[in-house]
């Protein structure tokens, strides 16, 4: 088992440390969401339809890789829109719209970032901006790294939308809210023609890895009842985490243990009973460290809590398998409704965050209920590395469904040594790497770009 919490952070560590040390003239940190009135949830939303655009603007600071290297897009927008929380009550959150040069406004990818933190200032709409505050060492490095992957979609001419799917408080693991936010973000994007140029009948695909796969899958499961008019061509999901309780057991005491405080803090925003439970259960000497997650993002939580056994830091080590936590985690786990769209699923057999058996079980359940699924299980990778090596498989699949082609009916499961040996990867990977590198140097992002 790979003991690094996220190999991408290791690969980018020297680079990020260097660019963060470079002085920037008149560097201005964008206003944090908790201090920015644009993010404020307006009163009187109960009679406003979900997906309604409440306000919009261009991001205060340009979209930038690693908070420093500005991405050369045609345009970018932030949209505050009405959505629903975990219990169906009205709220609002922000959508980031990324428009490439030579855009095809009839094709949209809703990308769900693995924000995985219980702090509102970790929102991707903020973290994707130049000079944003990352709320701790490597705090938002995951979001910043995912922007590099997103450039492969932008290079196809697709408009990419990125919802703040954790809502206005950073309710990590409140997954019904996440699903609502994704679906309402699509509604808002399709209603934004006069703002963004996105066509009202654009084809839409979903993509997300790890925490982003959870939001994507919940959106797909909720779509038939919550947003039946929203047409989704298909969903590509990787590193899926179907069962929260099993994931907690898998990561406790391991390299990804820092996900636990962020998850509990995030769920507590929607479930005050859980907040009181953890307050009563935490041993006094560990409270300060645990509650740092209230003001930290994913990377910092991981770095500061490696191999921590949280069951030894509470009075009752069975609290997460007992009520009320047991029911709360079950409510926010997948496999509660049948999607009506096709899926491409990729998962590491050695995944340290969520057992592959849980993914196998969810895929079987989908297939037994008539969902079309192409499922690839990867032997060599682990959770973090598959995020990179599996992405070249996603691009041709999403291209197919956005072009109106239907995947093969039924289900297929394939276990491979490594996704890198798939012929689709060989066709996609060279351009994927080259485009990412050249785009970092400032080339206009979009089809038809030339090498600098």
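What follows draws every value from the coordinates through simple rules; no lab data is involved. Model, not experiment: these values are computed from the prediction. In this analysis, Cβ positions are derived from the backbone assuming ideal geometry, glycine residues included, and neighbour counts consider all displayed protein chains.
Once the convex hull of all Cα atoms in the stretch 318-452 is built, its volume per residue stands at 158 Å³. With neighbour counts taken as other beta-carbon atoms within 10 Å, the residues 164, 309 rank, fewest first, as 309, 164. The average projected area of the stretch 235-293, computed from the convex hull of its Cα atoms over all directions, is 5.2 nm².
Ranking of 132, 412, 37 by neighbouring Cβ atoms within 10 Å, starting from the fewest: 37, 412, 132.
Restricting attention to the chain, close to 40% of DSSP beta bridges with both partner residues there are antiparallel.
Ordering of 77-87, 63-73 by packing is 77-87, 63-73, highest average first (other Cβ atoms within 10 Å, averaged per residue). This ranking places 411, 122, 297 by how few other beta-carbon atoms lie within 10 Å of each, fewest first, which gives 411, 297, 122.
Each Cα pair under 8 Å and six or more residues apart adds its separation to the average, and for the chain the resulting relative contact order is 18 percent.
Extension gain for the segment residue 413 to residue 52, taken as residue separation times 0.36 nm less the Cα-Cα distance, is 126.0 nm to one decimal.
Overall shape: oblate for the stretch 99-243, with the ratio a/c of the largest to smallest alpha carbon gyration tensor axis at 1.5 or above and b/c at least equal to a/b. Shape call for the stretch 139-190 from the C-alpha gyration tensor, a ≥ b ≥ c root eigenvalues: rounded (a/c under 1.5), prolate (a/b greater than b/c) or oblate? Because a/c hits 1.5 or more and a/b fails to exceed b/c, the stretch 139-190 counts as oblate.
The mean sequence separation of alpha-carbon pairs under 8 Å and at least six residues apart, normalised by the residue count of the stretch 305-452, gives a relative contact order of 20 percent. Gyration tensor over the Cα atoms of the stretch 191-333: the corresponding equivalent ellipsoid has semi-axes (square roots of 5 times the eigenvalues, largest first) of 34, 16, 15 Å. With each label modelled as a point 7 angstrom along the Cα→C-beta vector, the residue 37-residue 405 pair spans 5.1 nm. The relative contact order of the stretch 207-288 comes to 23 percent, based on Cα pairs under 8 Å that sit 6 or more residues apart. Put simply, the Cα atoms of the chain extend 60, 54, 50 Å along their principal axes, the longest span coming first. Measuring r between the beta carbons of residue 280 and residue 28 and using R0 = 51 Å, the FRET efficiency lands at 0.75. Once both labels are positioned 7 Å from their Cα atoms along Cα-to-Cβ, the gap between residue 87 and residue 357 label points is 3.5 nm. The convex hull built on the alpha-carbon positions of the stretch 289-348 has an orientation-averaged projected area of 6.9 nm².
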